[in-house]
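Accompanying notes for the structure given below.
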Amino acid sequence: MRVVIGEDSVLFREGLASLLTDRGLDIAAKAGDAPSLESVVEATPCDVVIIDVRMPPDHTDDGARAAKRIRSRHPELGILLLSQHIETLHSVDLVARGRFGYLLKDRVLDVEDFLEALHRVARGGTALDPEVVSRLIAGRHAADPLARLTPRELEVLSLMAEGLTNGAIARRLWLTARTVETHIASILAKLGLAAAGEDEHRRVLAVLAYLRAPAPA
(Lines give C-alpha, C1' and ligand atoms only; values in the text may rest on other atoms or scores of the structure.)
Protein backbone atom coordinates (compact mmCIF):
# COMPACT_ATOMS: atom_id res chain seq x y z
CA MET A 1 0.00 0.00 0.00
CA ARG A 2 1.33 3.43 -0.98
CA VAL A 3 0.51 6.20 1.50
CA VAL A 4 0.75 9.99 1.34
CA ILE A 5 0.79 11.83 4.69
CA GLY A 6 -0.42 15.40 5.13
CA GLU A 7 0.48 16.65 8.62
CA ASP A 8 2.04 19.91 9.76
CA SER A 9 3.51 18.58 13.01
CA VAL A 10 6.96 17.27 12.08
CA LEU A 11 7.11 15.02 15.14
CA PHE A 12 3.72 13.42 14.50
CA ARG A 13 4.30 13.18 10.73
CA GLU A 14 7.69 11.48 11.02
CA GLY A 15 6.51 9.23 13.83
CA LEU A 16 3.52 8.10 11.77
CA ALA A 17 5.69 7.55 8.71
CA SER A 18 8.11 5.46 10.76
CA LEU A 19 5.27 3.39 12.22
CA LEU A 20 3.75 2.65 8.81
CA THR A 21 7.14 1.87 7.26
CA ASP A 22 7.88 -0.60 10.05
CA ARG A 23 4.58 -2.33 9.22
CA GLY A 24 5.52 -2.74 5.57
CA LEU A 25 3.68 0.20 4.03
CA ASP A 26 5.30 2.45 1.44
CA ILE A 27 5.35 6.17 2.31
CA ALA A 28 5.03 7.68 -1.16
CA ALA A 29 5.25 11.31 -0.03
CA LYS A 30 4.73 13.73 2.89
CA ALA A 31 3.47 17.31 3.05
CA GLY A 32 3.26 19.91 5.81
CA ASP A 33 0.45 22.14 4.51
CA ALA A 34 -2.77 21.79 2.52
CA PRO A 35 -1.62 23.33 -0.81
CA SER A 36 1.55 21.21 -0.82
CA LEU A 37 -0.49 18.12 -0.02
CA GLU A 38 -2.77 18.65 -3.00
CA SER A 39 0.22 19.15 -5.29
CA VAL A 40 1.91 16.01 -3.95
CA VAL A 41 -1.21 13.90 -4.47
CA GLU A 42 -1.51 15.12 -8.05
CA ALA A 43 2.09 14.10 -8.76
CA THR A 44 2.34 10.90 -6.71
CA PRO A 45 0.52 7.60 -7.34
CA CYS A 46 -0.86 6.32 -4.04
CA ASP A 47 -3.65 4.21 -2.52
CA VAL A 48 -4.60 6.24 0.53
CA VAL A 49 -3.99 9.75 1.87
CA ILE A 50 -3.77 10.48 5.60
CA ILE A 51 -4.72 14.10 6.28
CA ASP A 52 -4.70 16.24 9.41
CA VAL A 53 -7.91 18.30 9.53
CA ARG A 54 -6.18 21.44 10.83
CA MET A 55 -3.23 22.37 8.63
CA PRO A 56 -1.52 25.51 7.35
CA PRO A 57 -2.07 28.03 5.92
CA ASP A 58 -5.15 28.85 8.03
CA HIS A 59 -4.90 26.15 10.73
CA THR A 60 -8.70 25.74 10.70
CA ASP A 61 -10.23 23.07 8.47
CA ASP A 62 -7.70 23.35 5.63
CA GLY A 63 -7.05 19.62 5.65
CA ALA A 64 -10.73 18.73 5.44
CA ARG A 65 -11.26 21.17 2.56
CA ALA A 66 -8.22 19.76 0.78
CA ALA A 67 -9.66 16.27 1.30
CA LYS A 68 -12.89 17.27 -0.49
CA ARG A 69 -10.95 18.67 -3.44
CA ILE A 70 -8.75 15.57 -3.60
CA ARG A 71 -11.85 13.36 -3.49
CA SER A 72 -13.47 15.27 -6.36
CA ARG A 73 -10.40 14.74 -8.55
CA HIS A 74 -9.50 11.23 -7.36
CA PRO A 75 -12.63 9.32 -6.29
CA GLU A 76 -10.67 6.06 -6.22
CA LEU A 77 -8.31 7.22 -3.45
CA GLY A 78 -8.83 6.26 0.17
CA ILE A 79 -8.87 9.27 2.50
CA LEU A 80 -8.29 9.04 6.25
CA LEU A 81 -8.73 12.24 8.25
CA LEU A 82 -7.00 12.62 11.61
CA SER A 83 -7.81 15.32 14.13
CA GLN A 84 -7.71 16.25 17.78
CA HIS A 85 -11.13 17.85 17.39
CA ILE A 86 -14.31 16.74 15.63
CA GLU A 87 -15.27 18.63 12.48
CA THR A 88 -18.44 17.45 10.73
CA LEU A 89 -19.08 20.14 8.11
CA HIS A 90 -17.04 18.40 5.41
CA SER A 91 -16.78 14.88 6.83
CA VAL A 92 -20.43 13.93 6.29
CA ASP A 93 -20.16 14.68 2.57
CA LEU A 94 -16.92 12.72 2.35
CA VAL A 95 -18.22 9.64 4.15
CA ALA A 96 -21.24 9.52 1.86
CA ARG A 97 -18.85 8.89 -1.05
CA GLY A 98 -17.04 5.96 0.59
CA ARG A 99 -13.34 5.08 0.86
CA PHE A 100 -13.21 7.38 3.86
CA GLY A 101 -12.17 7.34 7.50
CA TYR A 102 -12.14 9.89 10.30
CA LEU A 103 -10.27 9.09 13.51
CA LEU A 104 -9.25 11.16 16.48
CA LYS A 105 -5.47 11.24 16.83
CA ASP A 106 -5.64 9.41 20.14
CA ARG A 107 -6.76 6.32 18.19
CA VAL A 108 -3.36 6.14 16.48
CA LEU A 109 -1.97 4.99 19.82
CA ASP A 110 -3.91 1.74 19.34
CA VAL A 111 -1.68 0.67 16.48
CA GLU A 112 -3.53 -2.48 15.43
CA ASP A 113 -6.92 -0.75 15.31
CA PHE A 114 -5.41 2.16 13.39
CA LEU A 115 -3.80 -0.11 10.81
CA GLU A 116 -7.00 -2.10 10.42
CA ALA A 117 -8.92 1.14 9.81
CA LEU A 118 -6.32 2.29 7.27
CA HIS A 119 -6.52 -0.96 5.32
CA ARG A 120 -10.33 -0.87 5.47
CA VAL A 121 -10.38 2.61 3.92
CA ALA A 122 -7.87 1.60 1.23
CA ARG A 123 -10.14 -1.34 0.32
CA GLY A 124 -13.08 1.02 -0.20
CA GLY A 125 -14.68 0.83 3.24
CA THR A 126 -15.47 3.23 6.05
CA ALA A 127 -13.75 3.77 9.40
CA LEU A 128 -15.28 6.37 11.69
CA ASP A 129 -14.30 7.19 15.25
CA PRO A 130 -17.15 6.41 17.69
CA GLU A 131 -17.11 10.04 18.86
CA VAL A 132 -17.49 11.23 15.27
CA VAL A 133 -20.47 8.92 14.81
CA SER A 134 -22.06 10.26 18.00
CA ARG A 135 -21.63 13.83 16.77
CA LEU A 136 -23.20 12.98 13.41
CA ILE A 137 -26.21 11.38 15.07
CA ALA A 138 -26.63 13.86 17.93
CA GLY A 139 -28.84 16.91 17.63
CA ARG A 140 -31.16 15.61 14.95
CA HIS A 141 -34.67 17.06 14.75
CA ALA A 142 -37.27 15.18 16.76
CA ALA A 143 -39.28 14.59 13.57
CA ASP A 144 -36.33 12.87 11.92
CA PRO A 145 -36.87 9.13 11.25
CA LEU A 146 -33.92 8.42 13.56
CA ALA A 147 -36.32 9.22 16.38
CA ARG A 148 -38.20 6.03 15.46
CA LEU A 149 -35.19 3.84 16.12
CA THR A 150 -34.97 1.92 19.38
CA PRO A 151 -31.94 2.43 21.67
CA ARG A 152 -30.55 -0.91 20.51
CA GLU A 153 -31.04 0.02 16.86
CA LEU A 154 -29.18 3.28 17.49
CA GLU A 155 -26.31 1.26 18.97
CA VAL A 156 -26.23 -0.97 15.90
CA LEU A 157 -26.42 2.05 13.59
CA SER A 158 -23.46 3.67 15.35
CA LEU A 159 -21.35 0.54 14.94
CA MET A 160 -22.39 0.21 11.30
CA ALA A 161 -21.24 3.79 10.78
CA GLU A 162 -17.88 2.95 12.34
CA GLY A 163 -17.50 0.37 9.57
CA LEU A 164 -17.91 -2.78 11.66
CA THR A 165 -19.17 -5.92 9.95
CA ASN A 166 -22.27 -7.75 11.15
CA GLY A 167 -20.08 -10.28 12.95
CA ALA A 168 -18.07 -7.57 14.70
CA ILE A 169 -21.28 -5.80 15.78
CA ALA A 170 -22.60 -9.08 17.18
CA ARG A 171 -19.44 -9.60 19.22
CA ARG A 172 -19.37 -6.00 20.46
CA LEU A 173 -23.01 -6.10 21.66
CA TRP A 174 -23.08 -9.76 22.73
CA LEU A 175 -25.78 -10.58 20.19
CA THR A 176 -26.25 -13.38 17.68
CA ALA A 177 -25.51 -12.68 14.02
CA ARG A 178 -29.18 -13.29 13.18
CA THR A 179 -30.29 -10.70 15.75
CA VAL A 180 -27.90 -8.13 14.26
CA GLU A 181 -29.26 -8.85 10.77
CA THR A 182 -32.79 -8.31 12.09
CA HIS A 183 -31.84 -4.98 13.68
CA ILE A 184 -30.15 -3.79 10.48
CA ALA A 185 -33.15 -4.73 8.36
CA SER A 186 -35.39 -2.79 10.76
CA ILE A 187 -33.08 0.26 10.71
CA LEU A 188 -32.98 0.39 6.92
CA ALA A 189 -36.74 -0.04 6.68
CA LYS A 190 -37.42 2.75 9.19
CA LEU A 191 -35.04 5.05 7.34
CA GLY A 192 -36.54 4.21 3.96
CA LEU A 193 -33.25 2.62 2.83
CA ALA A 194 -34.32 -0.99 2.48
CA ALA A 195 -33.45 -0.99 -1.23
CA ALA A 196 -29.91 0.30 -0.66
CA GLY A 197 -28.32 -3.09 -1.36
CA GLU A 198 -26.83 -5.93 0.64
CA ASP A 199 -23.20 -4.89 0.81
CA GLU A 200 -22.24 -3.86 4.34
CA HIS A 201 -20.37 -0.72 3.33
CA ARG A 202 -23.14 0.37 0.98
CA ARG A 203 -25.58 0.14 3.87
CA VAL A 204 -23.26 2.25 6.03
CA LEU A 205 -22.88 4.85 3.32
CA ALA A 206 -26.62 4.88 2.63
CA VAL A 207 -27.39 5.53 6.28
CA LEU A 208 -24.83 8.31 6.54
CA ALA A 209 -25.98 9.83 3.27
CA TYR A 210 -29.40 10.02 4.84
CA LEU A 211 -27.94 11.68 7.93
CA ARG A 212 -26.51 14.49 5.83
CA ALA A 213 -29.96 15.42 4.49
CA PRO A 214 -31.54 18.47 6.17
CA ALA A 215 -33.84 17.67 9.07
CA PRO A 216 -37.53 18.34 8.41
CA ALA A 217 -38.72 21.82 9.36
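Amide H neighbours of residue 77 under 5 Å, counting only residues 5+ apart in sequence or on other chains, H built in-plane at 1.01 Å?
Those lying under 5 Å, H to H, from residue 77: there are none.
How much of residue 9 can a 1.4 Å solvent probe reach, expressed as accessible area in Å² and rounded to 10?
Accessible area, nearest 10 Å²: 50 Å².
Over segment 1-106, what relative contact order in percent results from Cα pairs under 8 Å that are six or more residues apart?
It comes to 24 percent, rounded to a whole number.
5 Å is the cut-off here: which amide hydrogens, built 1.01 Å from N in the peptide plane, fall below it relative to residue 102, excluding neighbours closer than 5 in sequence?
81, 127, 128, 129
Lysines within cross-link reach of residue 105: Cα-Cα under 23 Å, excluding same-chain residues under 8 positions apart?
Result set, ordered by chain and number: 30, 68.
Among 32-44, 166-178, how do they line up from the highest to the lowest mean number of other beta-carbon atoms within 10 Å?
Those peptides, ordered most packed to least, come out 32-44, 166-178.
The values are calculated or read from the model by the stated rules, or taken from the named source; none is laboratory data. Keep in mind that what you see is a predicted model, and the values were worked out from it rather than measured. Please note: Cβ atoms are built from the backbone with ideal geometry, for glycine as well, and neighbour counts cover all protein chains shown. Accessible surface is based on the protein model in full, side chains and every heavy atom, while ligands, DNA and RNA are left aside. Shrake-Rupley method; radii C 1.70, N 1.55, O 1.52, S 1.80 Å.
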